[in-house]
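Asker: Attaching a single structure in structure tokens format; questions to follow.
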Amino acid sequence: RAKDAGRGVYHAYEPELHVQAEERRVLEMALRQALERGEMHLHYQPVVDAATGSLTGFEALLRWHSPQFGDVSPAKFIPLSEEARLIQPIGEWVLRTACAEAARWPSHVRVAVNVSADQLQNPGFVTVVTSALADSGLSVERLELEVTESVFMHEGLGATKVLERILDLGVRLSLDDFGTGYSSLGYLSRTRFSSIKIDRSFVQSASRGVKEAIAIIRAVVALAQSLGMATTAEGVETEAEHRMVQDLGCTKVQGFYFGRPLPVEEARAVAGRRWDSDVAA
Ligand code: C2E
Ligand code: MG
Ligand code: MG
Ligand code: MG
């Protein structure tokens, strides 16, 4: 660490560290007020049935437009929210907003909401879910929560109990970014996931002809099938990729080819119109 090192080293390293820490501090301050100032909103990305091309739902994706910093990527502000212990209020707002919006869509259209591992450490999260459903009037089977493998890494037991109680409500659960973390087959068999989301990196590699990626997708699809779970291919950007993941047996697809994450009004329009005729024909 720069501080422990000799004088010259300290001076060589310090400015950069200072800038990083300063940037974080200022971002975090802005983030603390972002919700109450109405700087956050959700975009909704279509999720489509791989075989028929019809819309099955949308994934809610959080956006932060800061007057000071402009659009900040979730890849940056989500981890920061987790470290700053802001993810619980932010996550609750996301869930309530997404449920309220989904209640306006046709009743076959589901909504998927990303949930951080930290949110599942709080037993109160079960009440957050039930009250988001009650207040929005959204029926429980239309809500899907997405968690990543990281949930099972730290303090797995507490989170597992919360997950069980949420599953008992009838909420669907999917395993996001599968294959990118420390994948373990143990929790796949112990947890009642409705679907496994195959990370974009596998889809991209497979579409470049990487044999190992193709083999992994095939294996995940077979595993999911035998466990009674669906598979969603993430990051499908071209027609060729759609055909490839369809041939590999993925049941659902999501990606720029079917639609980017859309502002609320556009998603509402897409939800309300016939989908299978004009896309992915
Ligand atoms: P994720 O849950 O895996 O979401 C999918 C990400 O892939 C989104 O990035 C989406 O815009 C992007 N994507 C979708 N289709 C394509 C494609 O065809 N090509 C490419 N290149 N990218 C595609 P985004 O919106 O930047 O979100 C990044 C991550 O931030 C999400 O990954 C999720 O882990 C996290 N995140 C977003 N919103 C929330 C939230 O409300 N709560 C929590 N806890 N995490 C969130
Ligand atoms: Mg997700
Ligand atoms: Mg994902
Ligand atoms: Mg991802």
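The values are calculated or read from the model by the stated rules, or taken from the named source; none is laboratory data. Just so it is clear, the model here is predicted, and its values are computed rather than measured. Here the Cβ is made from the backbone with ideal geometry for all residues, glycine too, and neighbour counts use every protein chain on show. All accessible areas refer to the heavy atoms of the entire protein, side chains included, with ligands and DNA or RNA removed. Shrake-Rupley method; radii C 1.70, N 1.55, O 1.52, S 1.80 Å.
Asker: Using θ = phi - 60° and the Karplus relation 6.51 cos²θ - 1.76 cosθ + 1.60, list the HN-Hα couplings for region 228-243 in order, rounded to whole Hz, with x at every Gly or Pro.
Answerer: x, 10, 7, 10, 10, 8, 8, x, 7, 10, 9, 4, 4, 5, 4, 4
Asker: Can you give the accessible area of Arg96 in Å² (nearest 10), computed on protein heavy atoms with a 1.4 Å probe?
Answerer: Using a 1.4 Å probe on the heavy atoms, I get roughly 80 Å².
Asker: Report relative contact order for the chain in percent, whole number only (criteria: Cα-Cα under 8 Å, sequence separation at least 6).
Answerer: 19
Asker: Within the accessible area of the chain, what % is carbon and sulfur when the probe is 1.4 Å and the other protein chains stay in place?
Answerer: 52
Asker: What is the count of Lys pairs in the chain whose alpha carbons sit under 28 Å apart, if the two are 8 or more places apart or on different chains?
Answerer: Final tally of qualifying lysine pairs is 7.
Asker: Based on DSSP, what percent of beta bridges with both residues in region 56-195 are antiparallel, to the nearest 5?
Answerer: Taking every DSSP beta bridge with both residues in region 56-195, the antiparallel ones total about 20 percent.
Asker: Please give me, ordered by residue number, the chymotrypsin sites (Phe, Trp or Tyr not before Pro) of region 106-205 that lie in loop per DSSP and have at most 14 other Cβ atoms within 10 Å.
Answerer: Taking region 106-205 and a limit of 14 other Cβ atoms within 10 Å, the loop chymotrypsin sites (Phe, Trp or Tyr not before Pro) found are Tyr182.
Asker: Moving on. Consider all pairwise Cα distances in the chain and report the whole-number % of them above 25 Å.
Answerer: Of all Cα-Cα distances in the chain, 52 percent exceed 25 Å.
Asker: Right, another one. Order Met29, Met40, most accessible first, counting only protein heavy atoms with a 1.4 angstrom probe.
Answerer: Largest to smallest exposure gives the sequence Met29, Met40.
Asker: How many percent of all Cα-Cα pairs in region 115-273 sit more than 26 Å apart? Display every interim value, and only then the final one.
Answerer: Details: 4226 of 12561 pairs.
Considering region 115-273, 34 percent of its Cα-Cα pairs are separated by more than 26 Å.
Asker: Now, a different point. Determine the dipole magnitude for the chain: charges of +1 sit on the beta-carbon of Lys and Arg, -1 on that of Asp and Glu, nothing else is charged, the reference point is the Cα centre, and the result goes in debye to the nearest 20.
Answerer: It works out to roughly 260 debye.
Asker: Considering only Leu188, Ser207, Val47, whose Cα is most displaced toward the positive end of the charge dipole of the chain, charges sitting on Cβ of Lys, Arg (+1) and Asp, Glu (-1)?
Answerer: Farthest towards the positive pole: Leu188.
Asker: Moving to a separate point now. Give me the percent of DSSP beta bridges within the chain that run antiparallel, rounded to the nearest 5.
Answerer: 40
Asker: Right, here's the next one. Sorted from largest down, give the three principal axis spans of the alpha carbons of region 187-241, whole angstrom values.
Answerer: Principal-axis extents of the Cα atoms in region 187-241, largest first: 34, 19, 15 Å.
Asker: Using only Cα atoms, tell me the angle between helix 87-102 and the longest principal axis of the chain; keep it within 0 to 90° and round to the nearest 10.
Answerer: 30
Asker: Above 24 angstrom, tally the Cα pairs of region 70-171 and express them as a % of all pairs, no decimals.
Answerer: Cα-Cα pairs in region 70-171 separated by more than 24 Å: 22 percent.
Asker: If one takes the longest principal axis of the Cα atoms in the chain, at what angle in degrees, from 0 to 90 and to the nearest 10, does the Cα axis of helix 125-136 lie?
Answerer: The two axes meet at around 60 degrees.
Asker: Continuing with the same structure: For the chain, what is the accessible area per residue in Å², given a 1.4 Å probe and the full set of protein chains?
Answerer: 50
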